[in-house]
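The values are calculated or read from the model by the stated rules, or taken from the named source; none is laboratory data. Computed from a predicted structure; not experimentally measured. Positions of Cβ are backbone-derived with ideal geometry, glycine not excepted, and every protein chain shown enters the neighbour counts. Areas reflect the complete protein model, heavy atoms only, side chains present, ligands, DNA and RNA absent. Shrake-Rupley method; radii C 1.70, N 1.55, O 1.52, S 1.80 Å.
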Amino acid sequence: MKLGHQDPTTEVRGLCLDPLIYNSKEERTMISDLDLIQARNQLSAPEQVALEDLENQEWLESLEYVLRSAGKDRVGGLLELLERYALRQGVRLPHRLQTPYINTIPREQEGAYPGNLELERRIAQLVRWNLAVMVTRANKHADGIGGHIATYASTAEIMEVGFNHFFRGPEAGLDRDMVFFQGHGAPGIYARAFLEGRLSEDDLERFRRELAPGGGLSSYPHPWLMPHFWEFPTVSMGLGPIQAIYQARFIRYLENRGLKPKSSSKVWAILGDGETDEPETVGALRLAAREELDNLVFIVNANLQRLDGPVRGNSKIIQELERFFRGAGWNVIKVVWGSRWDDLLARDQEGALIERFERLTDGESQRYAAYGGAELRKRFFDTPALKKLVEDLSDEELTELTLDRGGHDLKKLYAAFKAASEHVGSPTVILARSIKGYGLGPTTQAKNVAHQIKKLGEEDLLESRSFLQIPLSDEQVRALSYYHPGPESPEVRYLKERRAALGGSIPQRKVRAQALETPGSELFEEFYKGSEGREISTTMAFVRMLTKLLRDPKVGKYIVPIVPDEARTFGMEALISSVGIYSPQGQLYEPVDAGTLTAYKESKSGQLLEEGITEAGAMSSFIAAGTAYAHWGIPTIPFYIFYSMFGQQRVGDLFWAAGDQRTRGFLLGATAGRTTLQGEGLQHNDGNSHVLALTVPNLEAYDPAYAYELAVIVEDGLKRMFAKGEDIFYYITLMNENYPQPPMPEPREQVREGILKGLYLFQRSDLKRPKLRVQLLGSGAILNEALKAAQLLAEFGVAADVWSAPSYKRLYLDAIETARHNRLHPEAPRKPYVRQVLEETEGPIIAATDYLKALPELIAGHLDRPVHSLGTDGFGRSETREALRDFFEVDAKHIAQAALAALHQEGKLELKNLQAAIRKLGVDTDREAPHLR
Ligand SMILES: Cc1ncc(C[n+]2csc(CCOP(=O)(O)OP(=O)(O)O)c2C)c(N)n1
Ligand SMILES: [Mg+2]
């Protein structure tokens, strides 16, 4: 391009610039690179600067021409072209994941606001007031009862935009949205439900007093406690975001598999900026981008503070998150500044403000929100250009500026929500900058203590009453009055109309599922029959059972098998080819094993969720599939099979959250048992999970020894959860030890009942004229050791009856319930089941498990005689099964020895006979206990 006519360049042109800029392409290519470089190097420093200015101008003019004549997309295309060209020439461009610290959507593109701004602002203020009063009153009545004021105060406008314009409620049917509310923002949700008329003043008075007559409001979102209100437990930081991702993904799974018509429903998750530190919050972002979940929106309430203080005092959390989310493939919308800052930005021709934003830290921002305009003038507007920008603004106006953050600007928030909901091809995160404790007075607003303030003092209440414009007298404020403008007030009518238009109130939990006809005994018959001598593991039996269930005409399509990259470990590879791995893209390649019977198959309608190595993700899928009965009225039945040590031990809090939200389904802890999994060692050998399973109240836990036990448990579990609609879920351990699976003993009905209750007689000793008798209890693979021990004991003339104990948890729950009954009703005492069945028997009770000794100890206090417990306390080892069982003293010889020692303690066996038996059995009595080693 010829620029000769442009005057400012003539001075520098005088020298040897001609070859650099005045030649046509043909001429230029005739000049060597060396000449060009030399020519440029000969320029003086000012000439170099002038030349660069000239180049800048030339490029910008060209760009502007294209922008004006061909539009933004063309500019984008050109920049891409340039980037590719530059890359080919070896130019390494910086990775640009971060944009300037300004709003992503400029003012010109905000569009008109579809609602009543004034009313919505007012509603936000009313909610702030009532939530602050509710928490303050609760703590006045019961000091230390707690609650959070500052969080929802920072998010009130975000919530108004969602509630009035986006979040669709249950009556929207399959177009309903799922909303994950910030857990400790619950007081604001209650306060808004109060305006809406869903909760009364009485209800608010019982915040955090759930045991009050008539029930109270739970501290945080807990579907277990408020089953018609809350849907998603979110207060354990990070669990909300990861669950939101997998719920959004599961919606697509249901649609792609034809279980649910396609709908426009969205998943919204509102989360804290501090919460983004949790690995669960950010750990599954890539899945959401990879599967193009544009039905998912995160809204980070970036109030720049967490519990103790600033989230990133020295930098900017929004910028950090922008880089992170964009790097993970998300669409990022920043809502940093409010409208007042737009005026300043428009006046700032030099770009001084944008430059200053780069220097701003979050710690500094917090000071301005806390101390107002004078502080802002003094510290923020710190260059002559910046000072000039605000010279005609008063300190009061500057204070308004400190409060003018994007997260409190309805118009800007609306534009962001709208852009997010219309965005196609990837999930969106809205990063909204807000103020913690906004409007709640000087002690709270933006202070480091904001999070912990549970009671507003009188001064603060009076001040926030005025700031929030609540029409209450000083007297009423001192009396801690709520303020409801009345059901016919414009505010209440407006918010109710908006909710009616958007499908009804939220949060609201409605169970839609119909009862399912679950498979009867025919499907399970082959397992009741046993393996006819074939040596198989319970894992193999389970895989066979799952395969049959998948083919069942009634429930087959609802089965959702889930694995975290362990299908081959559990011998499930055949499922990969039979039902296929769910992949929204289908399969874009020919698998390396194409043509074989077990070819790797990915498919859009694939049924298997192959989650990769993420137990937290797989557990979130389990929750999504196990709650679809309620959310969608689709009774999907998850079977999540995992390495048992990486279950509760790894993601126990998600088990807890699954229980809270009434998830239904089966969790299978495979390769289970501290001594049954050989070779893998300390990290893998699980002797813990059944103890951990005790903690979740609605989790049924079983450690079946045989295929028929497993079949009874699964058959009954399906019925209880999906036919009767019980809000329980199952944890079942599966082993990889192969042994013949015996047929179910007779009478079957009695055995079935015993399995489900946790204990039944497997084999009565047929020893003729025994000298002594013992009762041996075994669970899981250790039952076989108990059976071998019975043979050893026979050699000493001791008859041993062998019991299978598939669930100590069941026995324990029944026992403690009975004990309680007996405490409270001494006139009508009962016997716990475990005592009913063991009381009639004779001889000491020895119970052996592959888990901690604590498990059999659970029943010890509920019997007429002691329980001698053998278990696997201690760190595991990599060894053979045999060596492990010897080490942990749960093999046949140790069980037999324990039985003989117990007989001796009861005075039924002489010491010398016991000592001789110990020698004969080969038990080493001098080694250190395994739990100390
Ligand atoms: C797993 C977990 N750890 C700790 C807490 C305790 N806790 C509750 S709120 C909070 C701070 C939250 O900060 P942020 O996410 O920024 O939310 P904000 O209140 O600022 O909106 C903490 C540490 C928790 N609820 N869950
Ligand atoms: Mg925060």
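Angle between the Cα long axis of helix 239-256 and the longest principal axis of the chain, 0 to 90 degrees, nearest 10?
Taking Cα atoms only, the helix is inclined about 90 degrees.
On average, how much accessible surface per residue is there in segment 247-364, in Å², for a 1.4 Å probe, leaving out ligands, DNA and RNA?
34
Using every pair of alpha-carbon atoms in segment 781-933, split the distances into 10 Å bins beginning at 0 and state the percent of pairs per bin, rounded to integers.
Final binned percentages: 11, 37, 33, 15, 4, 0.
Over all directions, how big on average is the projection of the convex hull of the alpha-carbon atoms in segment 441-583, in square nanometres?
About 18.2 nm², averaged over all directions.
What is the distance in Å between the Cα centres of segment 264-328 and segment 614-629?
20
Could you size up the charge dipole of segment 722-841 around its Cα centre, putting +1 on the beta carbon of Lys and Arg and -1 on that of Asp and Glu, and report it in debye to the nearest 20?
In debye, rounded to 20, segment 722-841 gives about 300.
P(r) for segment 137-260, please, calculated from all Cα pair distances in 5 Å bins and given in %.
Percent of Cα pairs in each bin: 2, 9, 16, 23, 20, 13, 8, 5, 2, 1, 0.
With a/c under 1.5 counting as rounded, go ahead and sort segment 420-480 into rounded, prolate or oblate using the C-alpha gyration tensor (a ≥ b ≥ c being the square roots of the eigenvalues; past the cut-off, prolate if a/b is larger than b/c, else oblate).
Prolate, because a/c is 1.5 or more and a/b exceeds b/c.
Averaged per residue, what accessible surface does segment 829-933 expose to a 1.4 Å probe, in Å²?
Accessible surface, normalised per residue, equals 48 Å².
Taking all protein chains together and a probe of 1.4 Å, list Phe207, Phe467 from the most accessible to the least accessible.
Phe467, Phe207
I'd like the distance between the alpha-carbon centres of segment 698-743 and segment 888-933, rounded to an integer number of Å.
33
Can you check how the C-alpha radius of gyration of segment 202-331 compares to 2.2 N^0.38 Å, as a plain ratio? Intermediate results must be reported in sequence, preceding the final value.
Numbers: Rg = 17.5 Å, N = 130, 2.2 N^0.38 = 14.0 Å.
Cα-based Rg divided by the globular estimate yields 1.25.
Work out the length of the dipole vector of segment 124-263 about its Cα centre, built from +1 on the beta-carbon of each Lys and Arg and -1 on the beta-carbon of each Asp and Glu, and round it to the nearest 20 debye.
Roughly 400 debye for segment 124-263.
Ranked highest first by average number of other Cβ atoms within 10 Å, how do 690-699, 125-134 line up?
Per-residue mean Cβ counts within 10 Å order the peptides as 125-134, 690-699.
Over segment 58-180, give the accessible area per residue in Å² for a 1.4 Å probe, as an integer.
On the way: 6280 Å² over 123 residues.
On a per-residue basis, segment 58-180 sits at 51 Å².
Can you give the Kirkwood hydrodynamic radius of segment 566-694 from its Cα pairs, in Å with one decimal? Numbers along the way, then the final one.
On the way: mean 1/r = 0.0625 Å⁻¹.
That comes to 16.0 Å for segment 566-694.
Answer with one residue from Val798, Gly780, Pro221: the one whose Cα lies farthest towards the positive end of the charge dipole of the chain, charges on Cβ with Lys, Arg +1 and Asp, Glu -1.
Val798
Given a 1.4 Å probe and heavy atoms of the protein chains only, how would you sort Trp59, Trp230, largest accessible area at the top?
Trp59, Trp230
When ranked by the protection proxy of mean other Cβ atoms within 10 Å per residue, highest first, what sequence do the peptides 245-251, 660-666 form? Intermediate results must be reported in sequence, preceding the final value.
On the way: 245-251: 27.4, 660-666: 25.4.
Peptide ranking by packing, descending: 245-251, 660-666.
Which of Lys554/Lys809; Lys771/Lys893; Lys316/Lys412; Lys411/Lys455; Lys719/Lys853; Lys262/Lys604 have a Cα-Cα distance over 22 Å?
Lys554/Lys809; Lys411/Lys455; Lys719/Lys853
Could you name the lysines in cross-link range of Lys454, using Cα to Cα under 25 Å and dropping any fewer than eight places away on the same chain?
Result set, ordered by chain and number: Lys140, Lys436.
Could the peptides 473-482, 575-584 be put in order, highest first, of the mean number of other beta-carbon atoms found within 10 Å of their residues?
The packing order, highest mean first, is 575-584, 473-482.
Starting from a Cα-only point model with no solvent, please compute log10 I(q)/I(0) by Debye for the chain at q = 0.06, 0.08 1/Å.
-0.57, -0.88
Hey, what angle do you get for helix 490-501 against the long axis of the chain, alpha-carbon based, 0 to 90 degrees rounded to 10?
60
With all protein chains present, how much of the accessible area of the chain (probe radius 1.4 Å) comes from carbon and sulfur, to the nearest whole percent?
51
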